[in-house]
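Since the structure comes first, as structure tokens, the remarks are kept for the end.
The values are calculated or read from the model by the stated rules, or taken from the named source; none is laboratory data. This structure is a prediction, so every number in the text was calculated from the model and none was measured. Cβ atoms come from the backbone with ideal geometry, glycine included; neighbour counts cover every protein chain shown.
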Amino acid sequence: MPDPAENADELAKFREEWKQELRGDKKSQSPAEPKEAGKKGKSPEQQKNERERVAMADLLNLESTSQAKPEKSVYITERQLQKRFKERISAAQTAFLPRDKAQPCLFGLLSEEMLLKIVMAVVGTGVSITDLHSLSEVCTKFYLLARDNQLWKQIFRGTTSKETQGSITKYAAPSWYKLALKTPRIAYHGIYIGCCTYIRYGERSFQDTSYQPCFKIIHYRYLRIFPDGTITLRNTPDPPESVLARPVSIQKEALKGRWRLEEDYLVAEFVKHIELPKPQQPKGKKGRSPATPYGISSQVHKIRWRLVDAPMTRLEWRSFVIDVKMADGDVYSNDMQVCNRHGVPSRSYPPFYFEPIATSITNNDLPNGPQEM
């Protein structure tokens, strides 16, 4: 039977060795001695305790390594990147290196102010953020031009309302580039698309009244905004793939009108004139004035959308009113009730999502002009 005093001495010795290992103390044996030398003459229980002690030491070493301070981040801010690019250009004394030293690069002959004016004239207010990002990937100089504060100031002021500009720029000196990306605004380099889906039931069969056909109807609303204040709206079953390939195709039979911005809302008015038949003289009744034809002479569609999210802003319906003018001069107003009592748009009026187009805005792509309002 083992002696309790001997077991207590062995346990105390074990604890002392464990403390020394945790403190990082070196073992008393010389380095020339093999590590397995101490295992000779030890019982299996002592060898097991030793293995557990080694495993615990390795675990503590691993935890101390994981808690070490992380290395300094290699990422830099955008301001630091622009500063480095400017220093590189000033050190090289040119922003464009010619392929042939005998023929200087034409861009290098232009001043920075002239380059910026060219970019602002080409971009205008119908800016495509994707195109500007592609321009910034050409070289360091174009990167600095694509991030110029005056350029994005022009873009921001041309795509947001005066109320939005005043409320944002009232409290701090803004970075126009960040404001343009974070503020909901309209875009001119694409088409806003709304997909409408509903179920329509057909007539019941005469022979089998339990059968009734069911049809799924899909049509699209295409909305396009132009910098000159023109806006077009077209309802058609044509899919977006065909319309985005030929955006001029939706301008032929589209409603044309004018738009304006009010705070975070896009307000548009579309006028549709309807030709009435000419009044005819009653037969056999001379001297009487012709009867005034009865019918609708014109319709004014007043629509209000809200700008939501950024930078790819979507348009949510908020109101839709149709003013109908009769031939006799009477005017009727019809509210289409696009939102429920909680202010949520109904399923019949889904939001518009923006899709860019490959072609730029040219004179041939512009509509013939809005009708007189």
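Test residue 362 against the stated conditions and say whether it is at pLDDT below 90, farther than 27 Å from residue 194 by Cβ and out of contact with any helix residue (DSSP H, G or I) (no Cβ under 7 Å at 6 or more places or on another chain).
Taking the combined requirement at face value, the residue does not satisfy it.
Residues checked against (1) part of a loop (DSSP other than H, G, I, E, B); (2) within 20 Å of residue 260 (Cβ to Cβ); (3) modelled with pLDDT under 90:
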residue	(1), (2), (3)
167	no, yes, yes
171	yes, no, yes
178	no, no, yes
186	yes, yes, yes
203	yes, no, yes
211	yes, no, yes
224	no, yes, no
231	no, yes, no
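Among (1) assigned to a helix (DSSP H, G or I); (2) modelled with pLDDT under 70; (3) among the aromatic types (Phe, Trp, Tyr), which single condition is residue 14 missing?
All conditions pass for residue 14, except number (2).
Taking only the stretch 236-262 into account, find how many residues are surrounded by 15 or more Cβ atoms within 10 Å (Cβ to Cβ), in contact with a Gly (Cβ under 9 Å, 6 or more places away or on another chain) and assigned to a strand (DSSP E or B).
3
Quick check: anything in the stretch 284-297 out of contact with any Gly (no Cβ under 6 Å at 6 or more places or on another chain) and modelled with pLDDT of 85 or more?
The answer is no; no qualifying residue exists.
Here are some conditions: (1) outside any helix (DSSP H, G or I); (2) among the basic types (Lys, Arg); (3) within 19 Å of the chain's Cα centre (by Cα). Residue 99 meets all but one. Which one does it not meet?
Condition not satisfied by residue 99: (3).
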